[in-house]
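Engineer: Take a look at this one; I'll ask things after.
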Amino acid sequence: QWAMEIQEGSELRNGPLKVTVGDVHVMLKLNEITAAPILSVTRGENRLLKSLPTNLKKLPEIVALLALKGEIERQISRMRPSLEAAMCRGDLFTVTELLELMTHPVLSCLLHNLVFLCQTTGDIVGYPLYKEEVGGPELRFVSHDGSVMQVEKTANDLCLAHPIDLLK
């Protein structure tokens, strides 16, 4: 399911999407913490408008942006319960799988807020951090104190930490 979501969500991979019509700028971006899509409309340099002008709502570029916003909202409503179920079941992830999942802009935002642990040892490894390096993408984990840990590329026993794991 997540692999199919990755195919659909690639539009925002390189940052916010912007459409300019005359002096009106419409931008679709993701909230960095919740992954919720945010549509902002400005006129001129920085005058924020409360809503989209009615004469722009039927333009194909704006219709496409609004459709994408709706699809992202639906993706979030599917991804959150799916991540929670994976946590409750104790699903295992490989580093390769996590690297692939972190390429999806929405899923990446959600995963950045979740704590992972090594199921074999029971050690908490932290919050995932995706880094694009010269030799290819790397997955690191950030601890609650800010220290960064790198896991083996062959690790295949990473799982989402359940609150009961954190209690221990």
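The values are calculated or read from the model by the stated rules, or taken from the named source; none is laboratory data. Only a predicted model underlies this, so the values are computations on that prediction, with no experimental measurement involved. Positions of Cβ are generated from backbone atoms using ideal geometry, with glycine treated the same way; all protein chains shown enter the neighbour counts. When the accessible area is computed, the model is the full protein with side chains, heavy atoms only, and any ligands, DNA or RNA have been set aside. Shrake-Rupley method; radii C 1.70, N 1.55, O 1.52, S 1.80 Å.
Engineer: The conditions are (1) modelled with pLDDT under 95; (2) closer than 29 Å to E132 by Cα, and K58 fails exactly one of them. Which is it?
Structural biologist: So K58 meets the others, but not (2).
Engineer: Do you know which of the residues in segment 17-35 that are aliphatic (A, V, I, L, M) and exposed (fewer than 15 other Cβ atoms within 10 Å of the Cβ) is farthest from the chain's Cα centre (by Cα)?
Structural biologist: So the first thing to find is which residues in segment 17-35 are aliphatic (A, V, I, L, M), and the list is 17, 19, 21, 24, 26-28, 30, 33, 35.
Right, trim to exposed (fewer than 15 other Cβ atoms within 10 Å of the Cβ) and you get 21, 33.
On the way: V21: 28, I33: 8 Å.
So, considering only residues that are aliphatic (A, V, I, L, M) and exposed (fewer than 15 other Cβ atoms within 10 Å of the Cβ), the one farthest from the chain's Cα centre (by Cα) is V21.
Engineer: Related question: How many residues does segment 123-140 contain that are more than 16 Å from L107 (Cα to Cα) and of a type outside the set (A, V, I, L, M)?
Structural biologist: Total meeting the criteria: 9.
Engineer: Looking at (1) open to solvent by less than 60 Å² (accessible area, probe 1.4 Å); (2) modelled with pLDDT under 90; (3) of a type in the set (S, T, Y), which is the only condition T94 fails?
Structural biologist: With respect to (1) open to solvent by less than 60 Å² (accessible area, probe 1.4 Å); (2) modelled with pLDDT under 90; (3) of a type in the set (S, T, Y), T94 is out only on (2).
Engineer: Determine, yes or no, whether K153 is of a type in the set (K, R) and closer than 28 Å to L68 by Cβ. Spell out the reasoning first.
Structural biologist: Working: of a type in the set (K, R): yes; closer than 28 Å to L68 by Cβ: no.
When the stated conditions are applied, K153 does not pass them.
Engineer: Please state which one of L59, L49, L99, L114 is buried (at least 16 other Cβ atoms within 10 Å of the Cβ), of a type in the set (A, V, I, L, M, F, W, C) and touching a residue at least 24 places away in the same chain (Cβ under 8 Å). Please lay out each step first, then the result.
Structural biologist: Details: L59 fails: buried (at least 16 other Cβ atoms within 10 Å of the Cβ); L49 fails: buried (at least 16 other Cβ atoms within 10 Å of the Cβ); L114 fails: buried (at least 16 other Cβ atoms within 10 Å of the Cβ).
Of the residues listed, the single one that is buried (at least 16 other Cβ atoms within 10 Å of the Cβ), of a type in the set (A, V, I, L, M, F, W, C) and touching a residue at least 24 places away in the same chain (Cβ under 8 Å) is L99.
Engineer: Right, something else. Among (1) modelled with pLDDT of 90 or more; (2) open to solvent by less than 20 Å² (accessible area, probe 1.4 Å), where does H104 come up short?
Structural biologist: Going through the list (1) modelled with pLDDT of 90 or more; (2) open to solvent by less than 20 Å² (accessible area, probe 1.4 Å), H104 breaks only (1).
Engineer: Would you pick out the residues in segment 118-168 that are among the basic types (K, R), surrounded by 12 or more Cβ atoms within 10 Å (Cβ to Cβ) and not in a strand (DSSP E or B)?
Structural biologist: K153
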